[in-house]
Amino acid sequence: MELTRYEAAPANLDAVFQALADPTRRAILTRLADGQASVNEIAAPFSMSQPAVSRHLKVLERAGLIERDIDQQRRPARLKAETMADAVAWLERFRAFWGASFDQLDDLLTDMKLAKQKDEDHA
């Protein structure tokens, strides 16, 4: 089979999905969607140490999903939306496939419901 059309994904897409695969990191991103926060503020709802949260932040930073500043003694983190937009744009190319799959599933369920109704009417 010959590959006729191949579009390169953004360079860090693997790192983005790897970072998003962890529920703690997704929760951190959700928190940062409300605005920047320090490591202590981010760590507060989790039952883990500040160094463990810092390791999660480093993964998110390497993936380009957050940025960290130095503000005196604090290193606040903030969401970096552009990288997330690249991942969403890549996923968007599969929307037609998802829509067709859901349409097929809907048709199958409708057929099954009609067949069951016919069986009940003939019984």
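Going through 44, 52, 37, 19 one at a time, which residue ends up being within 17 Å of the chain's Cα centre (by Cα) and modelled with pLDDT of 90 or more? Write out each step before concluding.
Numbers: 44 fails: within 17 Å of the chain's Cα centre (by Cα); 52 fails: within 17 Å of the chain's Cα centre (by Cα); 37 fails: within 17 Å of the chain's Cα centre (by Cα).
Exactly one residue qualifies, and that residue is 19.
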For this session: Hey, can you tell me all the residues within region 11-37 that are surrounded by fewer than 16 Cβ atoms within 10 Å (Cβ to Cβ) and not in a helix (DSSP H, G or I)?
Result: 11, 21, 22, 33, 34, 35
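Taking the residues in region 38-49 that are closer than 17 Å to residue 59 by Cβ and without any contact (Cβ under 8 Å) to a residue 24 or more places away in the chain as candidates, determine which candidate is surrounded by the most Cβ atoms within 10 Å (Cβ to Cβ).
Here is the first cut: in region 38-49, the ones closer than 17 Å to residue 59 by Cβ are 39, 42-43, 46, 48-49.
Next, from what is left, pick out any that are without any contact (Cβ under 8 Å) to a residue 24 or more places away in the chain: 43, 46, 49.
Details: 43: 20, 46: 15, 49: 10.
Of everything passing the filter in region 38-49, 43 is surrounded by the most Cβ atoms within 10 Å (Cβ to Cβ).
The values are calculated or read from the model by the stated rules, or taken from the named source; none is laboratory data. Predicted model only: the values in this text are computed from it and were never measured. In this analysis, Cβ positions are derived from the backbone assuming ideal geometry, glycine residues included, and neighbour counts consider all displayed protein chains.
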